[in-house]
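Only the coordinates and a few stated rules stand behind these numbers; no lab work does. The structure presented is a predicted model; accordingly, all values stated were derived computationally and were not measured. Cβ: placed from backbone, ideal geometry, glycine included. Neighbour counts: every protein chain shown.
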Amino acid sequence: MKRIYVYRLFERFWHWTQALLIIFLGLTGFEIHSEIRFFGFENAVHYHNSAAIAFLVLIAFAIFWHFATGEWKQYVPTLENIREQAQYYALGIFKNEPHPTEKTALSKLNPLQRIVYAGLKVVVIPTMVTSGLLYMFFRYPQRYSVAQLNIKGLENIAVVHTVGAFALVAFLMAHLYLMTTGHTVTSNLKAMITGYEEVPEDRGEKTFTAAELVGAPGGELS
Ligand code: HEM
């Protein structure tokens, strides 16, 4: 086996901070939404609002990073190899067949991941942010009026925000399962912690060092 550098430092920081924030926003959010009790209702509201602000700051840095490094290109959906990838998850994985899409530093997502992650970035997260902010400012009209938006009631916003929260919970569950389906059960997890992934020695593509990757112009990323 040889080690290739796949996830850069900021990417790992962003991934784990985002994971913690989404889980925390989920816990506090569902406490606001239902009878579940973790922190107490009032605390949950305060914590949710604070974590949401932290999430917005993280998103701003992440957007900058994706465009500054060209990493956004990793998420452009493709149909290439998509059928093989779906067949692998449905059947091949249970027969120990090889992964149909090899992960490289310059193309680390398989076609299904590209579609799902692009959907998260372009649809689900922006929906949560928009509905969350509307919720936040609608809630306290005496402080920040959203009367101009002419939104009739809070209910539609709450429903959209809650549907998005369920979508994120579903994603998290699938993500945790798929995390264990790398070359070994823990190889994907280790890669997101250390940045390095172990791949078979006989793989043909160039191995990049951390320094080379940091210097890689965005245009070279496929
Ligand atoms: C920047 C992003 C976000 C903002 C600005 C935001 C803001 C808010 C606000 C203001 C509320 C209402 C709190 C209250 O009643 O005073 C709320 C509720 C809620 N949030 Fe978020 N939130 C965000 C992200 C998330 C995420 C990522 C999740 C789930 C993982 C989530 C799940 C929920 C849930 C389930 C509720 C309760 C909805 C209801 O039943 O009415 N939120 N959010």
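Applying both filters, DSSP loop and at most 15 other Cβ atoms within 10 Å, to the trypsin sites (Lys or Arg not before Pro) of segment 1-104 gives Arg37. Extension gain, Thr127 to Ala167: 0.36 nm times the residue separation minus the Cα-Cα distance gives 13.3 nm.
If you wrap the tightest convex hull around every Cα atom of segment 152-204 and split its volume per residue, you get 112 Å³. What FRET efficiency, computed as 1/(1 + (r/R0)^6) with R0 = 45 Å and r the Cβ-Cβ distance, is obtained for Asn81 and Leu56, rounded to the nearest 0.05? E(calc), rounded to 0.05, equals 0.80.
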